[in-house]
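Read through the structure below, which is laid out as structure tokens, and then see the notes.
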Amino acid sequence: MMKVLIYEKNEKEAGVFEAFIRKRIKRSEVYKCYNVKDALYISMMVDVDLFIINACPEAENRYDPLGLKFIEYIRKHESTKFTPVIVTSKLYDDYNSVIKELCCNAYIEKPFDLESNEETIDYCIKLAEHVYEKRKYSPGLLFLKDKDAIRVINEKDVFWVEKHTHDFIFHGWHEEIEVDRRAADIVIKKLDKRRFITVGRSDIINIDHVEYIKGSTVTFDRGHISISIGKGAASKLRFYLDEKKMIH
């Protein structure tokens, strides 16, 4: 599923763009952000395939410095260096300088006339599809929002995710990070399904770190940490561990 991030301060215009994108991309997940803080957070948590960024505030006839800073941030990071970016602005005359300096892929003038820009948008969608198809999984950093701070942990160091009603706890070898459920849901979608297996209602286990399972007790391969899971969850986990010959 392709993921599109829209940074647009005007909620109505963001909705118009979202509806248009959903018509053009059959399977898409659209994140609408009305401030740069949320846009930065989503870009860290999600593998975005296409950015649509407002670079001109509604009430002023100049570029939005935060919008430009956000684009600069995107281009500095390896994971988003080549991700397509559509810039929306009222300042058509400065479009060429934006393309040159920030390596954006297209420009759409405000107020939007999306129908006349179909070809431009389709071009960027094709670029995004190419990036999406070529992206290969490699374990990387997870950015977890713990209360008011953002904590960073390597995905490969997470051996167990414990689910509760209102939050998730990510258990690493050297730390535990408690994350609000809504924020955690975004991170959970990023976890590699080949390694992280949901067993039961309250546990997600990284099978790469399971030393063995005995009865309903799972023992991990570092520090001999053990947890208890339900019988049904244990049965499901055995299915995944059988090929590794870890069952005792």
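The values are calculated or read from the model by the stated rules, or taken from the named source; none is laboratory data. Keep in mind that what you see is a predicted model, and the values were worked out from it rather than measured. Quick note on the areas: whole protein, heavy atoms, side chains included, nothing else; ligands and nucleic acids left out. Shrake-Rupley method; radii C 1.70, N 1.55, O 1.52, S 1.80 Å.
What the table shows:
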| quantity | calculated |
| --- | --- |
| Greater than 27 Å apart at Cα, pairs in 12/69; 163/231; 32/76; 26/236 | 26/236 |
| Portion, in percent, of the accessible area of region 164-240 that falls on carbon or sulfur, probe 1.4 Å | 48 |
